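Step one of this worksheet: look at the structure below.
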Amino acid sequence: MLTLLPPVAAALQEPFYLDLVRKVMIFAIAAASLNLILGYGGMVSFGHAAYLGIGGYAVGVLAFYGTTSGWVQWGVAIGASALVALAIGAVSIRTSGIYFIMITLAFTQMLYYLGISIEEYGGDDGMRIKARSDFSGLIDLGDPVAFYYLALVLMLACLFLVHRIANSRFGMVLRAAKSNEPRSRGIGFSPYAYRLVAFVIAGAMCGLAGAMFANHTSFITPEFMHWTRSGEIMFMVILGGIATTAGPLLGALVLLVVETLLAGWTEHWQAILGPLLVLSVLFFRRGLAGLMPGGKDG
Amino acid sequence: MPLTLVLEQLLNGVQFGVMLFLMAAGLTLVFGIMNLVNLAHGSLYMMGAYLTVAAVQWSGNYLAGVALGLFATLLLGMLVEVVALRTLYDRDHLDQVLATFGLILFFNELVAILWGRTALDLARPDWLQGHIELFAGSRYPLYRAVVIGVGLAVAAALWYVVTRTRLGMLVRAGASNRSMIAALGVNIRLLYTFVFGIGAALAGLAGVMAGPIYAVQPGMGELILIQVFVVIVIGGIGSIRGAFAGALIVGVVDTLGRAFLKPLLGTVLSPAAADAAGPALASMLIYLLMAAVLALRPEGLFPSRGGQ
Amino acid sequence: MAETLLVVRGLAKSFGALRATDGIDFEVREGETHAVIGPNGAGKTTFIKQLSGELRPDAGQVRFAGEDITALPAHRRSRKGLARSFQITSIYRDFSALDNVALAVQARAGHSFRFWRPAREDILLTQPARQALEKVGLGARADVLAANLAHGEQRQLEIALALATQPRLMLLDEPVAGMGSDESQRMIELLASLKGEKTVVLVEHDMDAVFSLADRISVLVYGRIIATGTPAEIRANAEVRAAYLGEDL
C-alpha cells in the first residue's frame with residue numbers, strides 16, 4: 001500500500017501526503033530501534049531522541065564543513081550514535097527502574113543543552129543544511145519520490161532487522177532478562193553485556209533515522225533532542241504495540257497523523273493530545289498491533 | 001577573582017539549591033512511597049507560579065495571593081492524584097511515564113490558552129526589593145536572601161515532620177511496608193492523596209519563588225524537572241536527606257560552573273576556545289557529576305531502604 | 001569412596017547481629033543426593049544462596065570440582081556446572097515451556113551474540129530442550145505458556161531448566177514445597193530417576209521426600225551443621241532429635 005502512495009499523491013497533486021508519510025517512515029525506524037530495547041529488552045529509555053539529534057547533527061555539521069557525501073555523513077551518523085549509546089548505556093544499564101528512566105532522560109537533556117550552547121552550529125536557532133546528502137548520483141534525495149522510496153526500503157529493512165534480532169539467540173537472551181533476571185543469572189547469563197549491545201544497536205539505528213530526518217527537514221536544531229521528542233517516540237512504540245514487528249510503524253503513523261489533524265484544527269492541539277495520551281495508557285494497553293489479525297507476534 | 005563575587009555566586013548557588021530541594025522533596029517522597037514516576041511534578045511547579053500570579057492580581061495583596069495560590073496548587077495536586085495518578089500506582093513505570101507525559105502536554109497548553117505564551121512578570125512587592133549588606137562593601141539582593149531563608153525553614157520543618165511526628169512515621173512506614181500501614185487502620189489512599197498534595201504545594205512554592213528570578217511561562221516546569229531528577233539520582237531515591245544534599249550540590253555546582261568555568265578555562269586556553277567550550281561544559285557539568293556519582297555509588301549518596 | 005565434588009569450609013554470613021550461617025563445613029560426593037534439613041530460620045536459604053553465588057559470604061571458602069569459586073557470581077558458577085532451582089518458582093512466565101528450556105540449553109551452547117538465525121528453529125537448541133521436557137514428564141506440554149502450567153508442572157519445568165544446563169551439581173531449593181500429595185509424589189519419582197545420574201543438593205522440609213531420596217543428610221541448626229550421615233544415622237542422632245524437639249523424623 002505504501003509503495004502506491006507516490007503515484008497517487010502525484011495524481012492528486014498533494015505532495016503534502018508524501019511528505020507526511022516519509023516523516024512517518026523515518027519515525028517508524030526510530031520507534032523500531034526503541035522497540036528493540038524497550039519492547040524486547042525492557043529498558044525504559046526516556047532519552048532515545050538523543051540519537052536522532054546526533055544523527056542529524058552528524059549530517060548538518062559535516063555539510064557545514066563541506067562534506068556532502070551521504071556515505072560519509074550517514075556512516076558518521078550511525079557510528080557516532082553507536083559510540084554515544086555505548087557511553088550512555090555503560091553508565092545507565094548498571095541501574096534499573098526509576099533510576100534508568102531518569103538517567104537516560106538526563107543524559108539526553110545534557111546533549112540538548114550542548115546543542116544549544118554551541119553557537120557555531122546555530123545554538124538554539126538551529127542551522128539550515130544547504131545541500132542534501134549526496135549518494136554519488138545513485139539516489140537523488142532532492143527528488144521527493146526517490147527519497148520516499150529510499151525511506152520505505154530502509155524502514156522495511158530496519159523493521160525486518162529488529163524482527164530477526166528479537167527472535168535470534170541474542171534476542172531470546174534479551175527477552176529472558178526482561179522476563180526474569182534472577183532466573184537468567186541462574187542458568188548462566190549475565191544480562192549486562194547483552195543489554196549494552198542491544199542499546200548500542202538501537203542507538204545506531206536511531207542515528208540513521210536522525211540522518212534521514214535532517215535530510216527530510218533540511219534543517220537541524222537541538223529540538224531534535226528535546227525530551228518531548230523522546231516521549232513521542234516512546235508513545236509510538238506503546239501505541240503501536242510493544243514488542244511487535246509492525247507496531248512501531250502503526251504507532252508512528254497514528255500519532256503523527258493525529259498530531260497533524262489536531263494541529264490543523266486548533267493551535268492548542270496539545271491540550272487535546274495530552275489527555276488522549278493519558279486515556280490511551282489507562283484504558284488501551286494492548287496497542288494497535290494487538291487489534292490486527294496476526295499482528296501480535298512473539 | 002574578587003572574593004565578594006565568589007561569595008555572591010555561592011549564595012546564588014544555595015538559593016538555586018533550596019528551590020531544587022523544594023521540588024525534589026515532594027518528588028522523591030512520591031517516588032519512594034508510592035513508587036510512582038511523576039513527570040508532571042514540573043507542571044505543578046508551573047501551575048503554582050501561574051495560580052499565584054492570578055491570586056496576587058485578584059487579591060491585590062502579595063502575601064494573601066501567595067497563600068491563596070499555594071492552597072490552590074495543593075488542591076490541584078490532590079485533584080490530579082485522585083483523577084489520574086491513583087490508578088497508576090500498580091502499573092509499571094512505562095505507563096506512569098507516558099501518562100504523566102500526557103499531563104505535561106495538557107498543562108502546558110492549558111496555561112498557554114489561559115494566560116498566553118509570553119512570559120508573565122510576577123513582580124516582587126516593594127518590601128522585598130533592595131539589598132542586604134553581608135559585610136562592608138558586599139551587598140546581596142534581599143529577595144534571594146529571603147528565598148534561601150524560606151527554603152531552609154521549609155527544609156527544617158519537613159525534616160521535623162518526617163522524623164518526629166506520627167504523620168512522618170506513617171509516611172516512612174508507607175515507604176517500606178504498605179500492608180503494615182493498612183493494618184494500622186490508616187486510610188492509605190487518603191494518606192497518599194495528602195502526601196501528593198503537600199508535594200504539589202512545595203513544588204508550587206518553588207515556582208512562586210522562582211517567578212521574579214526566572215520567567216513565568218509555559219514549559220518552565222520541565223527545565224527544572226530534569227535538574228531535579230539529577231538531584232534525586234545523586235541524593236538517592238526516597239530520601240529527604242539525600243534530596244537536600246543533592247539539591248545543594250547541584251545548585252552550587254551548576255551556578256559556579258556557569259559563572260566561573262569560562263574565565264577559568266581562559267587561563268589555560270585561548271579566549272576563543274574558552275568562549276566556545278566554557279558554556280558548553282558548564283551546561284553539561286551537573287550531568288557529568290551525576291555520571292560520576294553513579295559510577296561510584298549506583299544507589300546515590302543517601303540510599304533509602306524504602307525506595308528501589 | 002566417590003570423589004568429593006563440593007567442599008565448603010567455614011562459611012559464614014551475618015545480617016547485622018544475626019549470624020545466618022556460622023562456620024559451615026559441608027561436603028558433597030560425586031553422584032550422591034545430599035539433603036540439607038533444619039528447622040525454620042536455621043539458615044538454609046542463606047546457605048543455598050551462598051552456594052549458588054547470590055550472596056557473598058563474610059568468611060569461608062567454597063570449592064567446586066577442585067576449584068575455589070568463593071568469589072564467583074551466580075552466572076559464572078552456573079557456567080561451571082552448578083545449577084539451582086528456586087524455592088519460589090522462578091521460570092520465564094511469558095515464554096512457552098519449550099522456550100524456557102531452550103534458553104537453558106542456549107546458556108550451555110557457547111556465547112549468544114548470534115543475531116540473525118531464529119532461535120526457535122534451531123534444532124541444536126530445541127532437540128535437547130524437548131529431551132529435557134520429556135525427562136521431567138512435560139513432553140506433551142512443550143508449547144504451553146509457562147504461566148498457564150499447573151503449579152506442579154511449573155516445578156517440573158524448573159527441574160528441566162536446571163537439567164538442560166547439563167550441571168554437575170544441582171541445588172534444589174524445596175522442590176516439593178506447596179504441592180498436593182499427587183504432585184509431590186510425581187516430583188519425588190522424578191528426583192528419584194535422577195539418582196545416580198546427577199549429584200544433587202536437596203534443601204527440603206518434606207521429610208518423606210528427604211528420607212526416600214537422600215543418600216546422606218546434613219542437619220543445619222542456628223547456622224551450623226550439627227550432624228551429617230545416612231538417613232538411618234540421622235534418625236538415630238540424639239542431637240538432631242533434640243533440635244526437632246518432638247517432631248517425628
Flagged in the stretch C:13-42 as over 16 Å from the mean Cα position of the chain (by Cα), in contact (Cβ under 8 Å) with a residue 60 or more places away in the chain and assigned to a strand (DSSP E or B), in numbering order, are C:19, C:20, C:21, C:22, C:23, C:24, C:25
Within the stretch B:1-13, residues being crowded, with 21+ Cβ neighbours inside 10 Å and touching a Gly at 6+ places or on another chain (Cβ under 8 Å) number 1
Counting only residues in the stretch A:62-98 that are more than 21 Å from the chain's Cα centre (by Cα) and buried (at least 23 other Cβ atoms within 10 Å of the Cβ), the one nearest to the other protein chains (Cβ to nearest Cβ) is identified as A:98
Considering residues that are more than 25 Å from residue B:286 (Cβ to Cβ) and either part of a helix (DSSP H, G or I) or away from chain A (no Cβ under 14 Å) (or both), the number found within the stretch B:14-46 is 2
Selection from the stretch C:195-209 of residues buried (at least 19 other Cβ atoms within 10 Å of the Cβ), modelled with pLDDT under 90 and among the hydrophobic types (A, V, I, L, M, F, W, C) yields C:209
In the set B:248, B:265, the lone residue that is more than 13 Å from every other protein chain (Cβ to nearest Cβ), surrounded by fewer than 22 Cβ atoms within 10 Å (Cβ to Cβ), modelled with pLDDT of 85 or more and part of a helix (DSSP H, G or I) is B:248
| message | Tell me whether the stretch B:126-137 contains one or more residues that are aromatic (Phe, Trp, Tyr), assigned to a helix (DSSP H, G or I) and exposed (fewer than 13 other Cβ atoms within 10 Å of the Cβ). | response | yes
Quick count over the stretch B:205-245, residues being within 29 Å of residue B:303 (Cβ to Cβ) and either within 14 Å of chain A (Cβ to nearest Cβ) or touching a Pro at 6+ places or on another chain (Cβ under 8 Å) (or both), is 21
State whether the residues of the stretch A:116-125 include one that is in a helix (DSSP H, G or I), surrounded by 16 or more Cβ atoms within 10 Å (Cβ to Cβ), in contact (Cβ under 8 Å) with a residue 40 or more places away in the chain and within 9 Å of another protein chain (Cβ to nearest Cβ). yes
- Query: Has the stretch C:65-88 got at least one residue that is modelled with pLDDT of 90 or more, part of a loop (DSSP other than H, G, I, E, B) and of a type in the set (S, T, N, Q)?
  - Reply: yes
Filter the stretch B:103-121 for residues that are facing chain A (nearest Cβ under 7 Å) and over 21 Å from the mean Cα position of the chain (by Cα); the one that is farthest from residue A:232 (Cα to Cα) is B:113
Are any of the residues in the stretch C:212-222 more than 12 Å from residue C:39 (Cβ to Cβ), modelled with pLDDT under 90 and surrounded by 16 or more Cβ atoms within 10 Å (Cβ to Cβ)?
no
Log entry, pairs with first residue in the stretch A:254-279 being free of Cβ contacts under 8 Å to residues at least 12 places away in the same chain, second being among the charged types (D, E, K, R), beta carbons closer than 8 Å, six or more apart or on different chains, reads A:268/B:109; A:269/A:259; A:269/B:109; A:270/B:109; A:271/B:109; A:274/B:109
Selection over the stretch C:43-64 where residues are part of a loop (DSSP other than H, G, I, E, B) and either of a type in the set (Lys, Arg) or in contact with a helix residue (DSSP H, G or I) (Cβ under 8 Å, 6 or more places away or on another chain) (or both) yields a count of 5
Discussion item. Going residue by residue through the stretch B:270-290, is there one that turns out to be within 14 Å of another protein chain (Cβ to nearest Cβ), among the hydrophobic types (A, V, I, L, M, F, W, C), free of Cβ contacts under 8 Å to residues at least 40 places away in the same chain and within 19 Å of residue B:24 (Cβ to Cβ)?
Written reply: yes
By residue number, the members of the stretch B:84-102 that are among the hydroxyl-bearing types (Ser, Thr, Tyr) and within 8 Å of another protein chain (Cβ to nearest Cβ) are B:87
Quick check on residue C:218: is it of a type in the set (S, T, N, Q) and without any contact (Cβ under 8 Å) to a residue 40 or more places away in the chain? no
Restricting attention to the stretch A:214-253, the residues that are within 12 Å of another protein chain (Cβ to nearest Cβ) and in contact with a His (Cβ under 8 Å, 6 or more places away or on another chain) number exactly 3
Please verify whether the stretch A:144-156 includes one or more residues that are part of a helix (DSSP H, G or I), within 10 Å of chain C (Cβ to nearest Cβ) and either under 20 Å from the mean Cα position of the chain (by Cα) or surrounded by 24 or more Cβ atoms within 10 Å (Cβ to Cβ) (or both). no
Flagged in the stretch C:193-208 as closer than 18 Å to residue C:42 by Cβ and touching a residue at least 40 places away in the same chain (Cβ under 8 Å), in numbering order, are C:201, C:202, C:203, C:204, C:205, C:207
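Residues are listed down the side, and each one gets a yes or a no for (1) at pLDDT below 90; (2) farther than 30 Å from residue A:15 by Cα:
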{"residue": "A:112", "(1), (2)": "no, yes"}
{"residue": "A:124", "(1), (2)": "yes, no"}
{"residue": "A:130", "(1), (2)": "yes, no"}
{"residue": "A:134", "(1), (2)": "yes, no"}
{"residue": "A:139", "(1), (2)": "yes, no"}
{"residue": "A:150", "(1), (2)": "no, no"}
{"residue": "A:173", "(1), (2)": "no, yes"}
{"residue": "A:180", "(1), (2)": "no, yes"}
{"residue": "A:195", "(1), (2)": "no, yes"}
Considering the stretch C:75-92, residues that are free of Cβ contacts under 8 Å to residues at least 60 places away in the same chain and either β-branched (Val, Ile, Thr) or at the interface with another protein chain (Cβ under 7 Å from one of its Cβ atoms) (or both), and then whichever is farthest from residue C:43 (Cα to Cα), we arrive at C:92
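The values are calculated or read from the model by the stated rules, or taken from the named source; none is laboratory data. All values derive from a computational prediction rather than experimental measurement. Backbone-built Cβ (ideal geometry, glycine too); neighbour counts: all protein chains shown.
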